1. Can you tell me which residues in region 142-158 are within 16 Å of Asp117 (Cα to Cα) and under 23 Å from the mean Cα position of the chain (by Cα)?
2. Filter region 53-79 for residues that are in contact with a helix residue (DSSP H, G or I) (Cβ under 9 Å, 6 or more places away or on another chain) and among the basic types (Lys, Arg) and give the result.
3. Sort out which residues of region 30-76 are out of contact with any strand residue (DSSP E or B) (no Cβ under 6 Å at 6 or more places or on another chain) and assigned to a loop (DSSP other than H, G, I, E, B), and write them in order of number.
4. Please tell me if Val166 is under 21 Å from Gln61 (Cα atoms), surrounded by 16 or more Cβ atoms within 10 Å (Cβ to Cβ), in contact with a His (Cβ under 7 Å, 6 or more places away or on another chain) and touching a residue at least 12 places away in the same chain (Cβ under 8 Å).
5. Which condition does Arg80 not pass, out of (1) of a type in the set (Lys, Arg); (2) within 15 Å of the chain's Cα centre (by Cα); (3) loosely packed, with under 12 Cβ neighbours inside 10 Å, if it passes all the others?
Amino acid sequence: MDDIVRQAIAKWPNVPHCFGWLGLDARGNWYMRDDRTQHAGPFPASKGSLLTHEKLIDFIQRNYECDGEGQWFFQNGPQRVYVELEAAPLVFRLGDERMVTSHTGRPARVQRVVLDDLGRLFLDTDIGFGIVHALDMETASDAVESGQWAPRPIRSTELACRFGFVLSPAARHANTMKKAGQ
């Protein structure tokens, strides 16, 4: 986390969290979701505006973390902006010699490989759980065919619970508020 972000949290510790305004797709692209987009439907059916500003994306990715409940967020100064996920909290790219790097630029070591019933390949790594980018499936299939990776089957509906992440913090928050009568 950036020092300036830590300082903002210390200065303004009670800023309300933000839900539904930021999305991450299965290719590692970030989307800004304004009110109109949110009212049009949940992410990823209603994605919003693709973020293209490199410095903003770098800032988001440096300050992208997970809370204790498996909800991923971007710490934007003193405010937590919870992220809507299309498939998983991380998107992995495969480089030379099958080096694995997350969409945030962090290197990762593969601990487990799973294949869901939709044909998507996921990696459980030392930095977290994520989907393999679609453009790297040929390299991934080489790892499987060579015996380097042995994917275990899993139903897509079990991924979030099994690997401890929340696809839609906004929906979870709305359900919590509804139960609390707010």
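1. Across region 142-158, the qualifying residues are Pro151, Arg152, Pro153, Ile154, Arg155, Ser156, Thr157, Glu158.
2. If the condition is that a residue be in contact with a helix residue (DSSP H, G or I) (Cβ under 9 Å, 6 or more places away or on another chain) and among the basic types (Lys, Arg), then Arg62 is the only one that fits.
3. Correct list: Asp34, Gly41, Pro42, Pro44, Ala45, Ser46, Thr52, His53, Asp67, Gly68, Glu69, Gly70.
4. Details: under 21 Å from Gln61 (Cα atoms): yes; surrounded by 16 or more Cβ atoms within 10 Å (Cβ to Cβ): yes; in contact with a His (Cβ under 7 Å, 6 or more places away or on another chain): no; touching a residue at least 12 places away in the same chain (Cβ under 8 Å): yes.
No: the conditions fail for Val166.
5. Just one mismatch for Arg80, condition (3).
For (1) closer than 15 Å to His133 by Cβ; (2) charged (D, E, K, R), each residue gets a yes or a no:
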{"site": "Pro16", "(1), (2)": "no, no"}
{"site": "Asp35", "(1), (2)": "no, yes"}
{"site": "Ile60", "(1), (2)": "no, no"}
{"site": "Phe74", "(1), (2)": "no, no"}
{"site": "Leu85", "(1), (2)": "yes, no"}
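Residues checked against (1) of a type in the set (Phe, Trp, Tyr); (2) in contact with a Lys or Arg (Cβ under 7 Å, 6 or more places away or on another chain):
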{"site": "Phe92", "(1), (2)": "yes, no"}
{"site": "His133", "(1), (2)": "no, yes"}
{"site": "Asp136", "(1), (2)": "no, yes"}
{"site": "Asp142", "(1), (2)": "no, no"}
{"site": "Ile154", "(1), (2)": "no, yes"}
{"site": "Gly164", "(1), (2)": "no, no"}
{"site": "Leu167", "(1), (2)": "no, no"}
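Results for (1) touching a Pro at 6+ places or on another chain (Cβ under 6 Å); (2) in the same structural domain as Asp96 (by TED's automatic domain parsing); (3) of a type in the set (D, E, K, R), shown as yes or no for each residue.
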| residue | (1), (2), (3) |
| --- | --- |
| Asp142 | no, yes, yes |
| Ser146 | no, yes, no |
| Thr157 | no, yes, no |
| Ala171 | no, no, no |
| Asn175 | no, no, no |
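The values are calculated or read from the model by the stated rules, or taken from the named source; none is laboratory data. Not measured: the values here are computed from a predicted model. Cβ sites come from the backbone with ideal geometry, for glycine too, and all protein chains shown count toward neighbours.
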